[in-house]
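I have placed the structure first, in the form of structure tokens, so that the comments after it can refer back to it.
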Amino acid sequence: MELKDFKQRNISPGYIFFEGEKAPETGWQAFQKVVKRTLKGELFVGLWIVFREMIRFDIHTIQYPAQKMEMSPRYRAIHRLLRLFESGSERCIGCGLCEKICISNCIRMDTHIDEKSRKVVSEYSINFGRCIFCGYCAEVCPELAIVHGVEYENASEQRAHFGLKADMLTPLDTFRANEQKEFPGFGALSDNADEAVKQTPLAY
Amino acid sequence: MFETAVLVETLVKAVIVVAVVAGMAGFATFIERKVLAFMQRRLGPMNVGPYGLLQLAADGIKLFTKEDIVPQNAVKPIFMIAPVIAATTAFVAMAAVPYFPEFTLFGYVIHPIISDINVALLYVMGVASVGIYGPLLAGMSSANKWSLLGAARAVIQMLSFEVVTGLSVLAPIMMIGSLSLIDINDYQVGGITHWLIWKQPLAFILFAMAGFMETNRAPFDTIEFEAEVVAGYATEYSGMRWGLFFIGEYANMITISVLVSILFMGGYNSLWFIPGAVMMLIKVSFWVFLFLWVRAAWPHIRPDQLMWVCWKVLMPLAVVNILITGFVLI
């Protein structure tokens, strides 16, 4: 591979290089250029294109407060804490991995041992002033308990809003109405996760 | 008694023209936003009223109720009167422009022209040139460098295009032998083939270009082009004083549309089954639409290019056109 090819290895074959129009050298050439440009009708091509778009009326506007854009499942907005489908109790086991991996250090959790000697999360908060929405917490969570939502309208009167456990946890009403959606995005199991599971090798 | 009647008639006509044209100028802003939006695959104003129709009223209320600010170092009286000059001249120019064929109302024959003077075309062009004092005084009194640049550009632009306007209409005037717009209109009676656009195509193109320059519309909107001179002469203006500039610009647009329609496109003569008044409305609407259309499609040119094209291309072409017309007439 020559140096030129190496430098242009991101350019697909068939790419046409345009050196630019040659500048006119004599007055006669300049005059020819002017006449050519004047009579070529390029201006009318421009007029036709905008008129065509007006007739087609293919409007791309989203009238925002009335219409909303559907976000991709991989969009990383305000976090959500999910519940177990079977029992409705919180998925979070208080392992603290999200707290550890968080690179902007914005997750805080408090755990205690309850009367059944199980570890439960008493407090869980994310400081959204610091959060950079990198998605590491959702990726590292072994229980798929903390995931990213698609809520992007985060204007509020209080800095602490959205970031407390009560804000993020699926409300019981929503859960009972069967409206807790499994998160298909960042860090979640793929659709064919079951097939990808292999038997534990016990032979050795 | 007779003089009183003429006075009353003229006053009524003047009030109607000012009211209708000011209303049309306001409505044109709405149309402009909508047309530009559709051409750029947007919707334009949609929220105020059905399809955003009341946006016009909202803008009006905003303009009227805004604080009237005069900058600290500005020359106050000149600063305050400049927009009035711009708007007034735009409306005064309409005094000699006929809009429709004459018609009978309650037994009176009404000529829809405020004053049929025999130098109407000269008068309209003269008053339109005086209109340049609006931007010039505004820019020089604002104590702002962008305003000053805008004013300077306004003057060089006017010096360039006025020559082209005058020379380009000279050829049609030589053929018609009159400066009255009614005579010019009557010269083109008899269908599309009698329109002056076929006899004077070059003059038509030159005059249309000069019209775009006169109204400061794209592609010749050098004097208030945001990317280069913020808002040009209007940088320091706000509220209704800025609104007057705006109304003046749109009134100018309508005047130029009427002028081109009368001069080159058959004026208010009826065509086939279409009455003259409707023909006039169609032509003026088309020209106003063309102003918006061109703004959506074409980039604007630099001031030096504008001067180049005016002095080195358009003016020689206009002179050649006059010469050819003269030889043909002889």
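We did not get these values from a lab; they are worked out from the coordinates using the rules stated. Keep in mind that what you see is a predicted model, and the values were worked out from it rather than measured. Counting neighbours? That spans all protein chains shown, and the Cβs are built from the backbone with ideal geometry, glycine included.
For A:LEU169, nonlocal amide neighbours, meaning residues 5 or more places apart or on other chains whose placed amide H falls under 5 Å from its own, are A:LEU81. Highest mean packing comes first when the peptides A:75-83, B:19-27 are listed by Cβ atoms within 10 Å, giving A:75-83, B:19-27.
Here region B:234-330 yields Rg over Rh of 1.08, to two decimals, using C-alpha coordinates and the Kirkwood radius. Close amide-amide hydrogen proximity is noted between B:ILE110 and B:PHE103, B:THR104, B:LEU105, each under 5 Å apart and 5 or more residues distant or on a separate chain (H modeled in the peptide plane; Pro and chain starts excluded). Of all lysines in the structure, the ones whose alpha carbon falls short of 29 Å from that of A:LYS4, not counting any fewer than 8 places away in one chain, are A:LYS22.
Would you calculate, for the protein assembly as shown, the mean residue ellipticity at 222 nm contributed by helices, counting each DSSP H stretch of 4 or more residues as -39,500 (n - 2.57) and dividing by all residues, to the nearest 500? Spell out each step's value before the answer.
Values: 22 runs with 272 residues, N = 534.
Calculated from helices alone, the mean residue ellipticity at 222 nm is -16000 deg cm²/dmol.
Is the shape of region A:1-76 rounded, prolate or oblate, going by the alpha carbon gyration tensor and its root eigenvalues a ≥ b ≥ c, with a/c under 1.5 for rounded and a/b larger than b/c for prolate?
Note, shape of region A:1-76 comes out oblate.
Shape analysis of region A:79-189 places it in the rounded category; the axes a ≥ b ≥ c from the Cα gyration tensor give an a/c below 1.5.
When +1 charges are put on Lys and Arg Cβ atoms and -1 charges on Asp and Glu Cβ atoms, the dipole computed for region B:14-72 relative to its Cα centre reaches about 320 debye. Counting lysine pairs in region A:56-204 that sit 8 or more residues apart in sequence, or on different chains, and whose Cα atoms lie under 21 Å apart gives 5. The aspartates and glutamates whose alpha-carbon is closer than 20 Å to the alpha-carbon of A:LYS40, local same-chain residues fewer than 8 away aside, are A:GLU21.
Applying both filters, DSSP loop and at most 16 other Cβ atoms within 10 Å, to the trypsin sites (Lys or Arg not before Pro) of region A:2-39 gives A:ARG9, A:LYS22.
Looking at region A:24-67, which GluC sites (Glu not before Pro) are in a loop (DSSP not H, G, I, E or B) and have at most 12 other Cβ atoms within 10 Å?
A:GLU25
Sorting B:TYR51, A:TYR152 by the number of Cβ atoms found within 10 Å of their own Cβ, with the fewest placed first, yields A:TYR152, B:TYR51. For B:LYS66, the aspartates and glutamates whose Cα comes closer than 15 Å to its Cα, not counting residues fewer than 8 places off in the same chain, are B:GLU236. Computed over the alpha carbons of region A:1-142, Rg followed by Dmax gives 30.8, 97 Å. Computed about its Cα centre, the charge dipole of region B:22-155 is approximately 620 debye, with only Lys, Arg, Asp and Glu carrying charge at their Cβ.
Compute log10 of I(q)/I(0) for the protein assembly as shown with the Debye formula, placing one identical point scatterer on every Cα and leaving out solvent, at q = 0.05, 0.07 Å⁻¹, to two decimals. Summing over Cα pairs of the protein assembly as shown leads to -0.38, -0.64. Computed from Cα atoms, the angle from the helix A:42-56 axis to the main principal axis of chain A rounds to 40 degrees.
What is the Å³ per residue value for the convex hull set by the Cα atoms of region B:172-324?
128
Where Rh is the Kirkwood radius over the Cα pairs of region B:223-287, the temperature 20 °C and the viscosity 1.002 mPa s, what D in µm²/s does Stokes-Einstein return?
Working: Rh = 13.8 Å.
For these conditions, the coefficient is 155 µm²/s.
In summary, the convex hull built on the alpha carbon positions of chain B has an orientation-averaged projected area of 19.4 nm². Placing a label point 7 Å from the Cα of A:PHE133 along the Cα-to-Cβ direction, the residues of region A:152-184 with a backbone N closer than 13 Å are A:152-155.
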